[in-house]
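Following: one structure in structure tokens, then a few remarks.
Each reported figure results from applying straightforward, stated rules to the coordinates on display, with no laboratory input. Note that the structure is a prediction, hence the values are computed from the model and not measured. Ideal geometry is used to build each Cβ from the backbone, glycine not excepted, and the neighbour counts take in all protein chains shown.
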Amino acid sequence: MNTNEKIILRKTPPLNSARMVETIYGCKWSLTVYQLLSVGINRPGEMVRNVEGLTTKVLNVCLKKNIEFGILERISFNELPPRVEYHVTEFGQKFLTIVDALEALQRDVDIDKNRGI
């Protein structure tokens, strides 16, 4: 083997998933929406009523981002009055494990910071 030959290539970040995490964490309400869904609140009107400061307009933007990334799915029911529900997709479940891991990491960082490490 030539000693000048490089054996490891420069690692690049996973651009799409990194952008997704950044966008979701940049959205003020996404984590709150995940909390609501985890306790069974999956209709937009109910979400707005249960979170102080959350508006329908902002919620719709947040839900749209999550749908575009494939984290949430929108289910429309053919009823009068119209009924819409949001649910976490299979991919969204995988994504939420990353969100949970980031939250656990932050708790560890906070503990270490409080200990002066």
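Quote the relative contact order of the chain in percent (integer), defining contacts as alpha-carbon pairs under 8 Å separated by 6+ residues. Answer for the chain is 18 percent. Rounded to the nearest Hz, the phi-derived 3J(HN,Hα) couplings of the range 47-63 under the Karplus curve 6.51 cos²θ - 1.76 cosθ + 1.60 (θ = phi - 60°) are 4, 4, 5, 8, 10, 5, x, 7, 10, 4, 4, 5, 4, 4, 5, 4, 4, where x marks glycine and proline. In the range 53-117, the ratio of gyration radius to Kirkwood radius, Rg to Rh, stands at 1.20 when only Cα atoms are counted. Take the Cβ atoms of ARG74 and ARG107, set R0 to 35 Å, and the FRET efficiency comes out at 0.60. Translational diffusion of the chain, estimated by Stokes-Einstein from the Kirkwood radius over alpha carbon pairs at 4 °C in a medium of 1.567 mPa s, is 77 µm² per second. The ranking of ARG10, ARG107 from fewest to most other beta carbons within 10 Å of each one's beta carbon is ARG10, ARG107. Annotation note: trypsin sites (Lys or Arg not before Pro) in the range 20-84 located in DSSP loop regions with a Cβ neighbour count of at most 14 within 10 Å are LYS28. The angle separating the long axis of helix 90-115 from the principal Cα axis of greatest extent in the chain is about 60 degrees.
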